[in-house]
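Q: Let me give you the structure first, and then I'll get to my questions.
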Amino acid sequence: MKKARVLFVCLGNICRSPTAHGVFETLAAQQGLAGVIDVDSAGTAAYHVGNPPDSRSISAAAERGYQLDHLRARQATPEDFSEFTHILAMDEENLRNLKAIAPPDYAGHLGLFLDFAQCVEREVPDPYYGGDSGFDHVLDLVENASFGLLLKLQQAPR
Ligand code: 4NP
């Protein structure tokens, strides 16, 4: 398959997108695709730059065997559009913010991550101000979309 460079984007880069980063990277490696898929994550906001993921995201992911504690938040930049073949937002608001900084000639895939999932939801809800179940729901959606994206990348023409 063609090399893919995938960037997951949410608001703070401490809950949803680092979860997607860790889950997708792990599942890609389990499918023997570590050498052909590069993964990163970023936030559209700068509030948490340099911070590790939220401890609730780290714990919920660890329960399912995904390590997130080495990740550090950064802000998405216009240069990301030169680096990544797929830039996937967790919700419509962050997709709008990405479109606002995207070069008009970006030839990669800029869209919602859940477009690759088989579920009725279109957005990964922000779990930051809610309870622990929100973090599990993020993992459910992220795993679902990750399997769909892995399948799509392997089916894509060379
Ligand atoms: P995330 O969640 O976008 O999934 O990382 C949030 C984290 C922090 C804040 C908002 C959302 N915040 O307002 O600080």
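Q: So how do 74, 16 line up by other beta-carbon neighbours within 10 Å, fewest first?
A: By the 10 Å Cβ count, ascending, the order reads 74, 16.
Q: Now, a different point. Taking the Cα centre of the chain as the origin, how large is its charge dipole in debye, to the nearest 20, when only Lys and Arg (+1) and Asp and Glu (-1) carry charge on their Cβ atoms?
A: 480
Q: Quick check on the chain: helices-only [θ] at 222 nm, where DSSP H runs of length 4 and up contribute -39,500 (n - 2.57) each and the sum goes over total residues. Nearest 500, please.
A: -12500 deg cm²/dmol
Q: Residues with beta-carbon under 10 Å from that of residue 90, excluding residue 90: net charge, scoring Lys, Arg +1 and Asp, Glu -1?
A: Residues near residue 90 contribute -4 overall.
Q: For residue 136, what is the net charge nearby, where nearby means another residue's Cβ is under 12 Å from its Cβ and Lys, Arg count +1, Asp, Glu -1?
A: Details: positive: 56, 64; negative: 63, 132, 140, 143.
Around residue 136, the charge tally is -2.
Q: What are the ³J(HN,Hα) values, in whole Hz, obtained from phi via the Karplus relation 6.51 cos²θ - 1.76 cosθ + 1.60 with θ = phi - 60°, for each residue of the stretch 49-62 in sequence order, with x given for Gly and Pro?
A: Each residue of the stretch 49-62 in turn: 3, x, 8, x, x, 3, 4, 5, 5, 4, 5, 5, 5, 4 Hz.
Q: Can you list the residues, at least 5 places off or on another chain, whose amide H is less than 5 Å from the amide H of residue 75, using H built in the peptide plane?
A: 43
Q: With only alpha-carbon atoms in the gyration tensor, what are the semi-axes of the equivalent ellipsoid for the stretch 4-155, in Å, largest first? All intermediate terms of the calculation are to be shown ahead of the outcome.
A: Numbers: eigenvalues 85, 67, 43 Å².
With the √(5λ) rule applied to the stretch 4-155, the semi-axes are 21, 18, 15 Å.
Q: Return the whole-Å distance between the Cα centroid of the stretch 104-157 and the Cα centroid of the stretch 1-43.
A: Comparing the Cα centres of the stretch 104-157 and the stretch 1-43, I get a distance of 11 Å.
Q: Let me ask another. Find the relative contact order for the stretch 1-100 and round it to a whole percent, using C-alpha pairs within less than 8 Å whose residues are 6+ positions apart.
A: 38 percent.
Q: Counting Lys +1, Arg +1, Asp -1, Glu -1, what net charge surrounds residue 38 among other residues with beta carbon under 10 Å of its beta carbon? List each step's numbers first, then the result.
A: Values: positive: 3, 5; negative: 25, 40, 83.
Cβ neighbours under 10 Å give a net charge of -1.
Q: In the stretch 1-130, if the dipole is taken from +1 on Lys/Arg beta carbons and -1 on Asp/Glu beta carbons about the Cα centre, which of 17, 109, 39 is farthest to the positive end?
A: It is 39, whose Cα lies furthest towards the positive end.
Where a number appears in this text, it was derived from the coordinates with a stated rule and is not lab data. Every value quoted in this text rests on a predicted model; they were computed, and no experiment measured them. Cβ: placed from backbone, ideal geometry, glycine included. Neighbour counts: every protein chain shown.
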